[in-house]
1. Taking strands (runs of 3 or more DSSP E) that do not extend beyond segment A:182-273, which have at least 2 residues that are in contact (Cβ under 8 Å) with a residue 40 or more places away in the chain and closer than 26 Å to residue A:45 by Cβ?
2. Which one of these is touching a helix residue (DSSP H, G or I) at 6+ places or on another chain (Cβ under 9 Å), in contact (Cβ under 8 Å) with a residue 24 or more places away in the chain and hydrophobic (A, V, I, L, M, F, W, C): B:204, B:209?
3. Could you please let me know if residue A:299 is free of Cβ contacts under 8 Å to residues at least 40 places away in the same chain, assigned to a strand (DSSP E or B), surrounded by fewer than 19 Cβ atoms within 10 Å (Cβ to Cβ) and touching a Gly at 6+ places or on another chain (Cβ under 8 Å)?
4. With respect to residue B:184, is the statement that it is of a type outside the set (S, T, N, Q) and either within 19 Å of residue B:136 (Cα to Cα) or at pLDDT below 90 (or both) true?
5. Looking at residue B:107, is it closer than 27 Å to residue B:183 by Cβ and assigned to a helix (DSSP H, G or I)?
6. Across segment A:86-127, what is the total count of residues that are closer than 23 Å to residue A:190 by Cβ, surrounded by fewer than 18 Cβ atoms within 10 Å (Cβ to Cβ) and facing chain B (nearest Cβ under 10 Å)?
7. Of the residues A:166, A:146, A:152, which single one is within 24 Å of residue A:194 (Cα to Cα) and in contact with a strand residue (DSSP E or B) (Cβ under 7 Å, 6 or more places away or on another chain)?
8. May I ask you to list pairs of residues, at least six apart or on different chains, whose Cβ atoms are under 6 Å apart, with the first in segment B:164-182 being more than 7 Å from chain A (Cβ to nearest Cβ) and the second being in a helix (DSSP H, G or I) and of a type in the set (Gly, Ala, Ser)?
Amino acid sequence: MTAGPVLRVATLGKSFGGIAAVDGVGFEVEAGEIFALLGPSGCGKTTLLRLIAGLEVPDSGTIAIDGEDMTGVPAWRRPVNTVFQSYALFPHMTVAQNIAFGLRQDGLARAEIGRRVDEMVALVQLGGLERRRPDQLSGGQRQRVALARSLAKRPKLLLLDEPLAALDRKLREQTRGELVRIQAHTGTAFILVTHDQEEALALARRVAVMRAGRIEQLGPPRAVYDRPASRYVADFIGRVNLLEGTLVDAGAPAAVRCGALDIVLRARDGGGAAAGAAVWLAVRPEHVALDPHGAGENRMSGTVVASSFLGESVLVDVAVGGGATIRALVPARHAVPAPGGAVALGFAAAAVSVLTR
Amino acid sequence: MTRGERFVLPAALGAGYFFLYLPLAIVIVYSFNESRLVTVWSGLSARWYGELLANDRILDAAGLSLGVGLCAATLATVLGTLAGVAMARFGRFRARFLFAVLLAAPLVMPEVVTGLTLLLMFVTLEQVVGWPDGRGFATLVLAHASFGLSYVAVIVQARMAMLDPALEEAAADLGAPPARVFRAVTLPLLLPAAAAGWLLAFTLSLDDLVIASFTSGPGATTLPMYVFASVRLGVSPQVNALGTVLVGFAATLGLVAWAIWRRTAR
């Protein structure tokens with residue numbers, strides 16, 4: 001099998017003690033892509049990963065890898081490898097022995113194993129550390145050993161469980177770049193489990209946002225961010241202003257009467273809802289501009305309630321009447337009125353999504 | 001630290017050590033006594049060590065104790081390790097509670113009861129299946145292994161609980177079937193615990209008097225049984241010398257076990 005998805009999961013279900021951890025999940029992963037499973041802890045993303053690895057047995061559904069049904073196949077016969085969150089390096093083996101472990105299970109010749117280990121050590125830039133033991137390595141080095149060990153068998157699909165969570169912020173950004181470089185070099189499809197939306201958006205070609213065992217939305221990062229399918233997704237990925245209202249005109253642009261503000265706001269489109277339906281409007285703070293830079297179809301005025309300086313930008317809360325507050329994220333180089341000051345704000349209809357759930 | 005603490009605490013500690021180790025110190029000192037009378041000091045001598053080496057019955061008893069200890073500790077380590085792994089990794093298997101109780105029973109059961117039940121079992125077995133043919137080395141090994149394995153299981157289970165289950169999952173994920181996961185990952189990581197368990201089972205076997213008295217037969221006298229019997233006829237200074245040798249042996253084993261544990265705990 002060369003064409004076709006490297007992984008196809010269908011109606012997969014798994015519950016623990018009557019509580020569904022994975023509930024009827026289905027998706028496909030294409031060869032060579034980075035696919036992220038994103039969600040808060042307890043949403044079932046790690047269980048889903050363990051089902052694919054063969055470390056858990058599903059209650060229902062099927063898992064096919066490279067076109068072959070793998071649902072009942074134990075972990076040690078599946079052509080996938082995993083980078084564990086704790087890295088799970090064998091403490092009684094050296095770096096080289098750790099990397100060679102999987103190759104030795106395949107019964108490769110000694111010379112071939114040595115060659116492949118050298119290749120992996122070079123790939124993850126661990127030259128000179130081959131004879132160290134895991135407890136003599138830094139966190140970042142351990143992460144790279146775990147990556148090399150699981151890539152040594154040249155799997156078509158690599159599963160990564162929170163691979164960057166144990167690293168500090170600076171190292172995390174650096175390692176993110178490393179992951180992309182290594183993935184491009186090997187052409188292996190990556191499934192990345194993470195609770196960090198920034199990590200998912202930066203790394204993945206497609207993102208599946210999970211909630212309570214189900215996939216809430218699946219798509220490219222840009223689409224998921226710009227056109228969230230629900231309030232949950234909009235809220236989980238990035239910051240968002242949510243306003244309740246009634247759809248007046250379902251055209252493009254659409255019109256929504258916003259109850260609290262008693263004004264009609266313009267949105268990109270009706271989001272599939274019919275006129276008269278109760279909907280929510282979602283607009284990202286960075287699309288809200290403050291005067292004198294304010295522009296767009298939707299304009300209103302209010303009072304600055306609070307502002308927090310975030311470095312490159314400032315997050316400003318503006319009370320716009322009716323008990324509603326709209327957050328704007330403005331570049332720090334712009335002047336921001338002090339709390340208590342009156343300000344006008346505006347955002348374009350194209351930046352507003354209509355959500356029905 | 002108050003004045004009271006500065007004096008009371010060291011005094012309490014000293015009294016504790018004094019109480020625990022004074023009898024041992026007396027045995028060791030008097031083992032170098034020249035006199036035939038155990039309680040009368042007459043001069044420094046190593047003569048009782050010489051007589052000890054010339055006493056065939058003591059040497060036979062020591063040989064039997066060492067042989068039983070080696071076999072029983074090894075058997076206990078194999079079975080206890082398997083039991084410890086089962087307790088720590090097999091989840092809630094059927095009759096797990098019963099298994100846990102049976103495994104812990106020898107730790108809390110009075111030795112007299114353990115010894116008696118083992119004796120009754122060996123006698124019944126002999127009548128029903130014709131084995132064991134009388135009691136001696138084999139029954140001693142089985143008896144000592146049966147309580148030694150409980151200690152090994154406790155130590156192995158504790159070590160197992162400290163191991164990241166992801167280690168075994170990673171080995172399986174890399175293509176190792178269950179038997180090879182155990183041999184290549186689980187067992188090497190358990191080895192220090194199993195070694196410490198072996199040493200403990202060996203020491204317990206060497207020390208045991210009560211259970212050995214029940215499960216041994218004529219012609220098979222372990223070292224503690226010999227010492228106990230000879231003391232009843234009056235204490236010979238040889239026993240002091242023997243006691244000193246045993247203390248030295250036990251202390252060495254204890255230090256080795258501690259060193260193994262410390263090396264792997266870091």
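The values are calculated or read from the model by the stated rules, or taken from the named source; none is laboratory data. Keep in mind it's a predicted model, so treat the numbers as computed, not measured. Here Cβ is always computed from backbone atoms with ideal geometry, including for glycine, and neighbour counts include all displayed protein chains. Side chains included, ligands, DNA and RNA excluded: accessible areas come from the protein's heavy atoms. Shrake-Rupley method; radii C 1.70, N 1.55, O 1.52, S 1.80 Å.
1. Where strands (runs of 3 or more DSSP E) fall fully within segment A:182-273 and carry at least 2 residues being in contact (Cβ under 8 Å) with a residue 40 or more places away in the chain and closer than 26 Å to residue A:45 by Cβ, they are A:189-194, A:206-211, A:214-219.
2. So the residue among B:204, B:209 that is touching a helix residue (DSSP H, G or I) at 6+ places or on another chain (Cβ under 9 Å), in contact (Cβ under 8 Å) with a residue 24 or more places away in the chain and hydrophobic (A, V, I, L, M, F, W, C) is B:204.
3. On the way: free of Cβ contacts under 8 Å to residues at least 40 places away in the same chain: no; assigned to a strand (DSSP E or B): yes; surrounded by fewer than 19 Cβ atoms within 10 Å (Cβ to Cβ): yes; touching a Gly at 6+ places or on another chain (Cβ under 8 Å): yes.
Here the answer is no, as residue A:299 does not meet what is asked.
4. Taking the combined requirement at face value, the residue does not satisfy it.
5. On the way: closer than 27 Å to residue B:183 by Cβ: no; assigned to a helix (DSSP H, G or I): yes.
No.
6. Summing the residues that are closer than 23 Å to residue A:190 by Cβ, surrounded by fewer than 18 Cβ atoms within 10 Å (Cβ to Cβ) and facing chain B (nearest Cβ under 10 Å) in segment A:86-127 gives 2.
7. A:146
8. If the second residue must be in a helix (DSSP H, G or I) and of a type in the set (Gly, Ala, Ser), the pairs left are B:181/B:171; B:181/B:172.
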